[in-house]
1. Using label points projected 7 Å from each Cα along Cα→Cβ, tell me how many nm separate Arg183 and Ser273, to one decimal.
2. How much length, in nm to one decimal, is gained on full extension between Ala161 and Ala75, taken as 0.36 nm per residue of separation minus their Cα-Cα distance?
3. Post the alpha-carbon centroid distance, region 180-239 to region 252-277, in whole angstrom.
4. Given a cut-off of 14 Å, what percent of all Cα-Cα pairs of region 182-223 lie beyond it?
5. Top mean-square fluctuation among Ala52, Ala133, Ala11, Gaussian network model of the chain, C-alpha springs under 10 Å?
6. May I ask you to evaluate 6.51 cos²θ - 1.76 cosθ + 1.60, the Karplus curve with θ = phi - 60°, for each residue of region 112-118 and list the ³J(HN,Hα) values in order in whole Hz, giving x for glycine and proline?
7. Nearest 10 degrees is fine. How inclined is helix 101-111 to the longest principal axis of the chain, computing both from alpha carbons?
8. Within a 10 angstrom radius of the beta carbon, how do His271, His25 rank from fewest other beta carbons to most?
Amino acid sequence: MIGLGARLRAATDARGALCVGIDPHAALLRAWGLPDTAAGARELALRVVDAAAPRIGIVKPQAAFFERFGSAGIAVLEEVIRSARAAGLIVIGDAKRGDIGSTAEGYAAAWLAPGAPLESDALTVAPYLGLGALDPLIRIAQEAGNGVFVLASTSNPEGVAIQSARTSEGGTVAAAIALEASRRNAPSADAGEWGDIGLVIGATRPLGDSGIDGVDLSSTPILAPGFGAQGARLADIRSIFGAAAGTVIPSVSRSVLAAGPDGVATAIDAHRSELAA
């Protein structure tokens, strides 16, 4: 079984590291001339999948923009995930789940177990009940060859106060989460591979500002929001992430989807070119 880290590494080596978010929020649907319904979300999302599949290796559907339509939206999300994976794309489910015990297992059963209704290659998870609380979810993910991206230092300004708080060891909360993920990925690092436990680290401020040492993350994939509409530039990945730049998967959404149904493919190409420059 090939784990998430190995699949991510292969995808980024072959097709570049760009990840495109699939976020059918109301304003975007209107801009695309689509109804603000589950059917409209389906049309937008599947067009993005079609545009992405020949160009990049990773997409990230945001669950909230499907869940808002209730059961019809969830059915669309299931279809979008299936279609993207069938097209050869790695799917990161952006749902930011996080809980303890059997509830964590329930989230894994929905998103990460073999044959799960929403089975994705990875799921974003929230560690603020303690990263160890996610052990049942991480175990089920890895048994299926899937993985997780753990929120560490996010791109929203509201998160800074909590994530920059100091632990009893003196480092930041964000750094403690990053270091624990790195330790869990150590066997993959020894084999020269990426691990199955990634981090979400926003690109809106330099890595060092969060107290995270990029040297610790050589085997840890980093999902990095904050590019495009939030202000970070793809050309600045190395200056933002320093020693960790080699494992960064930059995520863009609005700056691509705003191009509309006829321009989304061209926008993906433009972002790929900027990243490769």
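Throughout, read-outs are computed from the coordinates displayed, never taken from laboratory work. From a predicted model like this one, the values you see are computed outputs, not experimental measurements. Backbone-built Cβ (ideal geometry, glycine too); neighbour counts: all protein chains shown.
1. My value for the distance between the label points is 4.6 nm.
2. Length gained, Ala161 through Ala75: 27.3 nm.
3. If you average the Cα positions of each part, the centres end up 22 Å apart.
4. Counting pairs separated by more than 14 Å, the tail of P(r) holds 46 percent.
5. Ala133
6. Calculated HN-Hα couplings, in order: 10, 6, x, x, 4, x, 10 Hz.
7. Rounded to the nearest ten degrees, it is 40.
8. His25, His271
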